[in-house]
Amino acid sequence: MPEAILDTPSSTPASSSSSVIGKPTPRIDGPLKTTGTAQYAVDYHFPGLVYAWPVASTIGSGKVLAIDSAQAEKMPGVLLVLHHGNIASLYHTGPGSYSGRAGESRPLFADDVVRYYGQYVAAVVAETLEQAQAAAAAVRVSYQAEKPNVSMDLSDPQTADLPLHTESKRGDVVAGFASAPVQVDQTYVTPTVTHNPMEMHGTVAVWDGSRFTLYESSQGVVNHLNVMAEMLGVPRENIQVISRFMGSGFGGKLFPWPHSLMASVASRQLMRPVKVYVPRDLMFTAVGHRPETQQRMRIGAQQDGTLVSVHQDYRNSTSLGDDFHENCGEATPLLYSTPNLLVTSAMVRRNIGAPTPMRGPGAVPGLFALESAMDELAVKLDMDPVALRIKNDTLIDESNGKPFSSRHYKECLQLGAEKFGWSRRTPAVGSMKQDGLTLGWGVAGASWGAFRGGAQALVSLHDDGSARASCATQDVGTGTYTIFAQVINDKTGLPLNRIQVVLGDSSLIPGPTSGGSVVTATITPAIADGADKAMRAMLDLAVSTPGSQFQGKPASSLAFTGGMVHIKTQPASSGQPFQQLLRLANVDAVHGAGQSDALYALPQARKVSTHSFGVHFAEVTWDPGIAQVRVRRMVSVLDAGRILNPKAGANQIMGAAMMGIGMALFEQTIYQPNNAHPINNNFADYIVATNADSPRIEVHFLDYPDYAMGEYGARGIGEIGLAGVAPAIANAVYHATGVRVRKLPVRVEDLLTA
Ligand code: MOS
């Protein structure tokens, strides 16, 4: 796999030679994973642990009439059959200071109403997993079934039961569009797609009579704690949530789902540790998905390509009980300059489980519509699609009038075109041939908001010569442990093998949810502040400890370099290792409680608009003889602030490119109309892109620091990689075949007319 290429501008500060900031740094948690030492949620085991297995609804809409558990209760090892008739009360979350968000707002087994196929209607707890599964199969549930609504047509006014909402508005799109000599008016559809992280959801709940310890696969241990405290009705201090390692989440693990309540309630009732994991088929029902979207795009332009108006009207499906808004207008108001713009949205209810964010929520399906429409416009204008985008570039966020803190979209387009060899593209459909195949070359742009929340991080320097950083954030698998260690290394000069990072435990100093690509920008200033404070404490200790060679000197005359405390004007080697001073003072460790503010609290940041940008170029091959499309080559250029770890960053972008190939060509959750069953709820029928589908992926980072985000200048990099991939591929498919696919995924059937 190729390494990422850092196209480092001269403005990037060179880190000191020993600092690993900006250098490709292997994950510090890698060896724990490759040796099988890292414990994931359902790896935890305790004496007396028992297993819960759900009974899931086999209707998509209606009522539970009766649950007959008599036979199941007599089966070997069975301890409990839980359902709405016998569950102790659970609560809804309410508005309040620490109120969090549950994936599905309805508490487990709240009533006898079935709102989607796969909704849990009962759970069996037994001594072994096999006993629980066997008994769950023996629970007889009778239903009064109604016909569910899983219609994939979201345009029916009868079903648009939630009102139209204006997301962004400027000028007059009706007059603007009418006046435009060149118009595109098309509707784009993205299907329901399901998160399929390698590690499935699961919970091990341990109730000890007064406290819960919950082992989870969670993108937000603090939010998980807040929600579970409210829903279980216990004080916050009586719950601890642990999520040390994760096999990813992609947004599906941002909020707690009903299985976590299932394990907790069973543990409390039985006074035994309870393990539940969500099998792959139920990953398609009660743990979220990206909802279907239907987006009408109307774009008007002058003959020279100048945009006159952009009008996006979209709808997304949501569940019966949860208002989930897929924010498809995330990038539309700011990616291009246009005087007239309107983005409106609505939600449409369906008999499916609650949707939830999935990598680049909103922006990813939204950019499929916008960047497909831009390609259609380029074709109508007979203009190069890269040139069309450059023509409409802007350095002002026209949705709010603020300048972008750092935007190099044009450079992404130019560099990508150069690296891809775009100048050799011939625009006519099907005009590029090689080795008996037709080539299609497509391009699409990307944007994702850059955010930074308030944060805390605890940093300490210990008498064994190590540093330790801790925070109740978590590493989804993307490199957060390593970023912590890199910042500590940068500040203290200590090598990575003397830095310990502790995350994924709600009892630590509070930390951010791993969502929205916010963690790196949010946490780095707090870690830096914590490290600065710990080093200052070390210097204070050095001048106040009897017997220290620095006793009585002003602390301001000292420095901390590479683990040595020394006189500022003298070389570090003339000083003393900090651990010796700690031992002399009989102090175990000095601490720095790092803190940083949210972006909105910083006056300079309020004057700018902070976003990341990117461009993807895709080459597909089309073999009309066997109607086969393959993605053969991709070049991605990202403008995501300073890249602190190009190795982990490139890994994110390559993974996202693969996810984008799945989105473009394979992925779609299909609900059977009569009972709302997601019939392709397995890896044989729900196709994700695999290594065999992997093209050559070349990743370039522009690496311009964005100091509006903080001293490290980093924005996030998890989600921008997926934004724009699917339209780049669909645009390439058009270039090869002449078929414009406006409904994902691109299917062979769509291309047979080519
Ligand atoms: Mo991301 S969808 O915010 O985990």
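The values are calculated or read from the model by the stated rules, or taken from the named source; none is laboratory data. These numbers were taken from a predicted model, which means no experiment stands behind them. Positions of Cβ are backbone-derived with ideal geometry, glycine not excepted, and every protein chain shown enters the neighbour counts. The accessibility values were calculated without ligands, DNA or RNA, using every heavy atom of the protein model including side chains. Shrake-Rupley method; radii C 1.70, N 1.55, O 1.52, S 1.80 Å.
Say a paramagnetic label sat at a point 7 Å from the Cα of residue 172, along Cα to Cβ; which residues of segment 329-352 have their backbone N under 18 Å from it? Backbone N within reach: 338-343.
One chain, two ends: residue 111 and residue 179. Fully extended at 0.36 nm per residue, the span grows by 19.0 nm beyond their Cα-Cα distance. With a simple spin-label model that places each label point 7 Å from the Cα along the Cα-to-Cβ direction, the separation between residue 37 and residue 549 comes to 3.5 nm.
Along segment 358-370 the Karplus relation, 6.51 cos²θ - 1.76 cosθ + 1.60 evaluated at θ = phi - 60°, assigns HN-Hα couplings of 10, 2, x, x, x, 4, 5, x, x, 6, 4, 5, 5 Hz to successive residues, with x for each Gly and Pro. The residues of segment 453-597 expose on average 35 square angstrom of accessible surface per residue, using a 1.4 Å probe on protein heavy atoms. Placing 712, 51 in order of accessible area, with the largest value first and a 1.4 Å probe, yields 51, 712.
Once C-alpha pairs closer than 8 Å and six or more residues apart are averaged by separation and normalised to the residue number of the chain, the relative contact order reads 18 percent.
Averaged over its residues, segment 217-321 has an accessible area of 23 Å² per residue, based on protein heavy atoms and a 1.4 Å probe. Spatially, segment 724-752 and segment 166-191 are offset by 22 Å when compared through their Cα centroids. Solvent exposure of residue 328, expressed as accessible area, is near 0 Å², computed with a probe of 1.4 Å over the protein chains only. Convex hull of alpha carbon positions in segment 470-512: directionally averaged projected area 3.1 nm². With all protein chains in place and a 1.4 Å probe, the accessible surface of the chain carries 53 percent carbon and sulfur. Rounded if a/c is under 1.5, else prolate if a/b is larger than b/c, else oblate: which is the chain, with a ≥ b ≥ c the root eigenvalues of its Cα gyration tensor? Oblate shape, in that a/c is at least 1.5 and b/c is the bigger or equal ratio. Here's how it looks for residue 502: its modeled amide H is under 5 Å from those of 469, 470, 471, which are all 5 or more places away or on a different chain.
One Cα centroid belongs to segment 553-588, the other to segment 428-463; the line between them spans 44 Å. The order of 33, 568 by accessible area, most exposed first and with a 1.4 Å probe, is 568, 33. Annotation: extensible slack from residue 128 through residue 238 equals 36.8 nm (criterion: 0.36 nm per residue apart, minus Cα-Cα distance).
Residue 108 contributes about 10 Å² of solvent-accessible surface, heavy atoms of the protein only, 1.4 Å probe. Over 28 Å apart at the Cα level, from the set 23/253; 410/607; 169/743; 402/533; 380/419, are 23/253; 402/533. The mean sequence distance of close C-alpha pairs (under 8 Å, at least 6 residues apart), as a share of the length of segment 453-597, puts its relative contact order at 34 percent. Here the 3J(HN,Hα) profile of segment 345-357, calculated from phi with Karplus coefficients 6.51, -1.76 and 1.60 at θ = phi - 60°, is 9, 8, 10, 10, 7, 9, 7, 9, x, 5, x, 8, x Hz, Gly and Pro shown as x. Here the dipole of segment 453-597 is about 380 debye; that uses its Cα centre as origin and unit charges on the Cβ of Lys and Arg (positive) and Asp and Glu (negative). The label point for residue 423 and the one for residue 86, both projected 7 Å from the Cα toward the Cβ, are 7.6 nm apart. With both residues required to sit in the chain, DSSP beta bridges show an antiparallel share near 75%. Residues in segment 688-754 average 32 Å² of solvent-accessible surface per residue, probe 1.4 Å, ligands and nucleic acids excluded. What the Cβ-Cβ distance of residue 586 and residue 101 gives, at R0 = 35 Å and to the nearest 0.05, is a FRET efficiency of 0.15. Once you sort the root eigenvalues of the Cα gyration tensor of segment 453-597 as a ≥ b ≥ c, which label holds: rounded (a/c under 1.5), prolate (a/b larger than b/c) or oblate (the other case)? In terms of gyration-tensor shape, prolate. Each of 181, 541, 282 was placed along the dipole of the chain (beta-carbon charges, centred on the mean Cα), and the one lying farthest toward the positive end is 541.
Highest mean packing comes first when the peptides 357-370, 520-533, 79-92, 205-218 are listed by Cβ atoms within 10 Å, giving 357-370, 520-533, 205-218, 79-92. Rounded, prolate or oblate, given the Cα gyration tensor of segment 15-166, with a/c below 1.5 counting as rounded? Oblate shape, in that a/c is at least 1.5 and b/c is the bigger or equal ratio. Ranking 520, 489, 456 by how far each Cα lies toward the positive end of the dipole of segment 453-597 (charges on Cβ) leaves 489 at the top. For the chain, adding -39500 (n - 2.57) for each run of n ≥ 4 DSSP H residues and dividing by the number of residues yields -7000 deg cm²/dmol at 222 nm.
The stretch between residue 496 and residue 152, if pulled fully straight at 0.36 nm per residue, gains 118.7 nm over its current Cα-Cα span.
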